[in-house]
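K.L.:
Quick one: the structure is below, and I'll ask about it shortly.
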């Protein structure tokens, strides 16, 4: 009996996965800045996508990726998932063995520049933030870029505000104690601050920052390690992208949404299910694509504001070959919920 093309392809996929599992048997240490989008990696782990290739993933929570590029360069972590920071561009200047390979968060972001509730009627435009205490989650972090670009739309610069560095979980207390006037906040913390009455929404980077769409968080790798593990790393990012596509299906209200919500709750990323049901999730690209124009602008802004010293050409900023390989191997992304009107994750 002749096998169909589909059956034959399935056999090759199974055989390829089995051979990869036999050949690899490696552990990859991954540092992740905790956010809703982290569930893509958690899903790939728990659904066995990495295991199919013989890859064991160990995750470590990070407050911000801006201060851990050294851990990546030293191969203490092989992959980092987090925001693009000034530290990344400075690491390139220092010839550190790291590079960006894939999108992690892109527009629409769900980020918000939030205000202390008692300032709602006193700060009505960006210019009113002059001299105010504005919190970001890391020095030279992508939040710094977002706030800086937003300030520039109304004639201010990052030097015109009092920048405070706080981890996202501490911002509610800082608002309550009136230690800060505003903060750049990401999901799920935006919904927590809104629901708890700790802050009010003010402005969204997606509405003000150009070029758009913004690529503000990525996956980065140690390039020295990658040279001797290229085939395994291709498999890693194929499994990783599989998890990203599961995330995008859930983002659009697919049949797996409840599963991913429960995973976020069980792993402590979020504790209140209603937030995950009622508030938007950050978008991801199901093909791992990066808006290079966004990265180039970010690099230029960091250099202009003395967070970085050098400006590299676009081709030096990222290695897109892993995303291209994974996308080709997985094939086209087909949205399950075709009635979804949400932008992003397509």
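K.L.:
On each of the three principal axes of the Cα atoms of segment 33-107, give max minus min coordinate, whole Å, ordered largest first.
P.N.:
38, 29, 19
K.L.:
Taking the highest mean first, how do the peptides 119-128, 321-330, 132-141 order by number of other beta carbon atoms within 10 angstrom per residue? Don't jump to the answer; show the numbers that get you there.
P.N.:
Details: 119-128: 14.0, 321-330: 18.1, 132-141: 22.5.
Listed from highest to lowest mean packing, they are 132-141, 321-330, 119-128.
K.L.:
Taking every DSSP beta bridge with both residues inside the chain, roughly what % is antiparallel (nearest 5)?
P.N.:
So the antiparallel bridges in the chain amount to around 55 percent.
K.L.:
Take the Cα pairs of segment 53-185, get the Kirkwood Rh, then feed it into Stokes-Einstein at 20 °C and 1.002 mPa s and tell me D in µm²/s.
P.N.:
For these conditions, the coefficient is 131 µm²/s.
K.L.:
What 222 nm value per residue comes from the helices of the chain, counting each DSSP H run with n ≥ 4 as -39,500 (n - 2.57) and dividing by all residues, nearest 500 deg cm²/dmol?
P.N.:
For the chain, the value works out to -11500 deg cm²/dmol.
K.L.:
Still on this structure, I have one more. If you build the convex hull over the alpha carbons only and average its shadow over all orientations, what do you get for the chain? Give it in nm² to one decimal.
P.N.:
Here the figure is 18.1 nm², rounded to one decimal.
K.L.:
Report, in whole Å, the centroid distance computed from the Cα atoms of segment 42-97 and segment 264-338.
P.N.:
Here the answer is 14 Å between Cα centres.
K.L.:
Could you list 246, 285, 224 so that the one with the fewest beta carbons within 10 Å of its beta carbon is first and the one with the most is last?
P.N.:
224, 246, 285
K.L.:
Please state, to two decimals, what the Cα-based radius of gyration of segment 112-208 comes to when divided by 2.2 N^0.38 Å (N = residues).
P.N.:
Taking N as the residue count of segment 112-208, the ratio is 0.94.
K.L.:
Against the empirical 2.2 N^0.38 Å scaling, what ratio does the C-alpha Rg of segment 174-223 come to? Could you put the intermediate results ahead of the total?
P.N.:
Numbers: Rg = 14.5 Å, N = 50, 2.2 N^0.38 = 9.7 Å.
So the Cα radius of gyration is 1.49 times the expected 2.2 N^0.38 Å.
K.L.:
Sort 241, 114 by Cβ crowding within 10 Å, fewest neighbours at the top. Don't skip to the end; give the middle numbers.
P.N.:
On the way: 241 28, 114 25.
By the 10 Å Cβ count, ascending, the order reads 114, 241.
K.L.:
Taking segment 165-282, how much of its Cα-Cα pair set, in percent, is spaced more than 18 angstrom apart?
P.N.:
On the way: 4526 of 6903 pairs.
In whole percent, the long-distance tail amounts to 66.
K.L.:
Please work out the FRET efficiency for the pair residue 195 and residue 329, using the Cβ-Cβ distance as r and a Förster radius of 30 Å; give the result to the nearest 0.05.
P.N.:
In this case the efficiency is close to 0.15.
K.L.:
How big is segment 249-304 by the Kirkwood estimate over distinct Cα pairs, in Å?
P.N.:
On the way: mean 1/r = 0.0730 Å⁻¹.
For segment 249-304, inverting the mean 1/r across all distinct Cα pairs yields 13.7 Å.
K.L.:
With a 10 Å Cβ neighbour count serving as the proxy for reagent exposure, in which order, fewest first, do 69, 271, 320, 144 appear?
P.N.:
Neighbour counts put them in this order, fewest first: 271, 320, 69, 144.
K.L.:
Beyond 19 Å, how much of the Cα-Cα pair distribution for segment 225-346 remains, as a whole percent?
P.N.:
61
K.L.:
Using a Gaussian network model of the chain whose springs link C-alpha atoms within less than 10 Å, name the residue from 37, 294, 106 with the highest mean-square fluctuation.
P.N.:
Its mean-square fluctuation being the largest, the pick is 294.
K.L.:
Taking 0.36 nm per intervening residue step and subtracting the Cα-Cα distance, what contour gain separates residue 336 from residue 230 on full extension?
P.N.:
On the way: separation 106, 0.36 × 106 = 38.16 nm, distance 3.19 nm.
My answer for the length gained is 35.0 nm.
K.L.:
Now for a different question. Per the Kirkwood treatment, what hydrodynamic radius in Å, one decimal, follows for segment 276-346 from the mean inverse distance over all distinct Cα pairs?
P.N.:
Taking every pair of different Cα atoms in segment 276-346, averaging 1/r and inverting gives 15.0 Å.
K.L.:
Roughly how many whole Å is it from the C-alpha centroid of segment 105-149 to that of segment 161-215?
P.N.:
Between the Cα centre of segment 105-149 and that of segment 161-215, the gap is 6 Å.
K.L.:
For helix 230-251, what angle does its Cα long axis make with the longest principal axis of the chain, in degrees from 0 to 90 and rounded to 10?
P.N.:
Compared with the principal axis, the helix lies near 60 degrees.
We did not get these values from a lab; they are worked out from the coordinates using the rules stated. This is a predicted model, so every value here is computed, not measured. Backbone-built Cβ (ideal geometry, glycine too); neighbour counts: all protein chains shown.
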